[in-house]
Amino acid sequence: SYVAMIMAIVRLRQDALFSDRRKTPAHNGLMEGLRYLWERPDLKTTLLMMFMISTFGLNFPIFISTMAVRVFHSGADRYGVLTTFMALGSVTGALSSARLVEPRFQHLLAGAGLFGLACLLAAIAPSQVYFGAALILAGLSAQMFNTTTNSLLQLSTAPTMRGRVLAILLAIVFGTTPLGAPVVGWVADAWGPRWALGIGGLSGVMALFIGLAYLTRSRH
């Protein structure tokens, strides 16, 4: 995988690159990034949607393992198969997102809505076959949502603020999932894995409503 990335860097057409004049890095760069986000409702909405899904939805190691063991009474082999279904959906979602010429906010809404639907379908799946099919849809929609979020933030942020905004995005992606995992794990232990998946589905639905609320306000 490193060879592929190195070859891509070597083959960059430097004559097609644009050189931008950037501001001198400030000591309060994080505060500048937060102030910039506060003045951009579209970016705030996108990050809030990511916060909801990252915190309570992207906990599939918990979802798949508890469903495989406690609901379907399977072992490590079936857990591996179910994880493969999830990976298949993720690869499909990545390829589908790469085909988008121009990512739009509507694609973000579609990813959040499909993710919520996939988690809810997985929560009520009567067998491992249906559960695996729901995992494919979950992987596809999660990858679609993540890729669209990343693309929208990079394309719609001022060049001087892009690094700060992406740093905040990475903090949300990698910092909130460990916060939501204990909550999801406790629900799976106390009420059952299906309820935990329901919380994941609810996070996608809530993200969808947040995005729709922003579109409604912006149109008015």
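Mind checking whether some residue in segment 139-151 is surrounded by fewer than 15 Cβ atoms within 10 Å (Cβ to Cβ) and either in contact (Cβ under 8 Å) with a residue 60 or more places away in the chain or farther than 15 Å from THR46 by Cβ (or both)? The answer is no; no qualifying residue exists. Among the residues of segment 186-218, those identified as over 22 Å from ALA68 (Cβ atoms) and over 21 Å from the mean Cα position of the chain (by Cα) are THR216, ARG217, SER218.
Just checking, how many residues over segment 159-180 are in a helix (DSSP H, G or I) and loosely packed, with under 15 Cβ neighbours inside 10 Å? Here the count works out to 8.
Residue check: is LEU215 at pLDDT 95 or above and in a helix (DSSP H, G or I)? If you could, list the steps in order and put the result at the bottom.
Numbers: at pLDDT 95 or above: no; in a helix (DSSP H, G or I): yes.
Judged against the criteria, LEU215 is not a match.
Scanning segment 111-136 for residues that are over 10 Å from VAL205 (Cα atoms), assigned to a helix (DSSP H, G or I) and among the small types (Gly, Ala, Ser) yields a count of 7. Just so you know, in segment 73-83 the residues that are open to solvent by 90 Å² or more (accessible area, probe 1.4 Å) and part of a helix (DSSP H, G or I) include one that is nearest to PHE60 (Cα to Cα), and it is ARG78.
Is at least one residue of segment 91-102 open to solvent by less than 60 Å² (accessible area, probe 1.4 Å), assigned to a helix (DSSP H, G or I) and closer than 18 Å to SER156 by Cα? Yes, the conditions are met somewhere in segment 91-102. The lone criterion from (1) touching a Ser or Thr at 6+ places or on another chain (Cβ under 6 Å); (2) modelled with pLDDT under 95; (3) of a type outside the set (Gly, Ala, Ser) left unmet by LEU114 is number (2).
Looking only at segment 59-72, decide whether some residue is among the hydroxyl-bearing types (Ser, Thr, Tyr), out of contact with any helix residue (DSSP H, G or I) (no Cβ under 9 Å at 6 or more places or on another chain), surrounded by fewer than 20 Cβ atoms within 10 Å (Cβ to Cβ) and at negative phi. Within segment 59-72, not a single residue is among the hydroxyl-bearing types (Ser, Thr, Tyr), out of contact with any helix residue (DSSP H, G or I) (no Cβ under 9 Å at 6 or more places or on another chain), surrounded by fewer than 20 Cβ atoms within 10 Å (Cβ to Cβ) and at negative phi.
The values are calculated or read from the model by the stated rules, or taken from the named source; none is laboratory data. Everything numeric in this text was worked out from a predicted model, so none of it was measured. A quick note on method: Cβ atoms are made from the backbone with ideal geometry, for glycine too, and the neighbour counts reach across all protein chains shown. Only protein heavy atoms, including side chains, enter the accessible area calculation; ligands, DNA and RNA are left aside. Shrake-Rupley method; radii C 1.70, N 1.55, O 1.52, S 1.80 Å.
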